[in-house]
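Colleague: First, the structure itself, so that you have it in front of you.
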Amino acid sequence: VYWPLFVLIFYFICPVPHFIARRVADDSDAASSACRELAYFFTTGIVVSAFGFPIILARVEAIKWGACGLVLAGNAVIFLTILGFFLVFGRGEDFSWEQW
């Protein structure tokens, strides 16, 4: 049963709102902009949908609950990795490799 693999779509579209907001938002304002807040909102919706999709599949018995648990654990690992990537490399020009 390959239905849980559709979660991969959520992994690929998760950073897209952030990239668009970074490109569109004007960086001169230190406070958070409306564009950035909208990107956070869309990203949150994508992440919640990625966690809800396997639960719905398990409820309609398209997949077993064990597979649902494995997909949810994989979601946690992948989304924490994406968050870590943006926290480490998303700071801008002040990043330097000497800190490693």
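The values are calculated or read from the model by the stated rules, or taken from the named source; none is laboratory data. This structure is a prediction, so every number in the text was calculated from the model and none was measured. So basically every Cβ, Gly included, is an ideal-geometry build from the backbone, and we count neighbours across all protein chains shown. When the accessible area is computed, the model is the full protein with side chains, heavy atoms only, and any ligands, DNA or RNA have been set aside. Shrake-Rupley method; radii C 1.70, N 1.55, O 1.52, S 1.80 Å.
Colleague: How much FRET efficiency would the formula 1/(1 + (r/R0)^6) give for residue 60 and residue 8, where r is the Cβ-Cβ distance and R0 is 25 Å, rounded to 0.05? All intermediate terms of the calculation are to be shown ahead of the outcome.
Modeller: On the way: r = 20 Å, r/R0 = 0.80.
Calculated value: 0.80.
Colleague: Next up: Would you work out what percent of the accessible area of segment 34-94, with all protein chains in place, is carbon or sulfur (probe 1.4 Å)?
Modeller: Values: 3000 of 4130 Å².
C and S fraction of accessible area: 73 percent.
Colleague: I want to check the label-to-label distance for residue 35 and residue 89. Put each point 7 Å from Cα in the C-beta direction and report it in nm to one decimal.
Modeller: Reported label-point gap for residue 35 and residue 89 is 2.2 nm.
Colleague: Is the shape of segment 34-94 rounded, prolate or oblate, going by the alpha carbon gyration tensor and its root eigenvalues a ≥ b ≥ c, with a/c under 1.5 for rounded and a/b larger than b/c for prolate?
Modeller: On the way: a/c = 6.80, a/b = 1.98, b/c = 3.43.
Oblate, because a/c is 1.5 or more while a/b does not exceed b/c.
Colleague: Please state the charge dipole magnitude for segment 1-89, taken about the Cα centre, from unit charges on C-beta atoms (+1 on K and R, -1 on D and E), reported in debye and rounded to the nearest 20. Present the calculation step by step, with values, prior to reporting the outcome.
Modeller: Values: 5 positive and 5 negative charges, 59 e Å.
Approximately 280 debye in magnitude.
Colleague: Hey, can you find the accessible area per residue of segment 34-94 for me, probe 1.4 Å, expressed in square angstrom?
Modeller: Working: 4130 Å² over 61 residues.
Per residue, segment 34-94 has an accessible area of 68 Å².
Colleague: Mind giving me the FRET efficiency for residue 23 and residue 73? R0 is 30 Å, r the Cβ-Cβ distance, nearest 0.05 is fine. Intermediate results must be reported in sequence, preceding the final value.
Modeller: Working: r = 33 Å, r/R0 = 1.10.
That pair, residue 23 with residue 73, gives E of 0.35.
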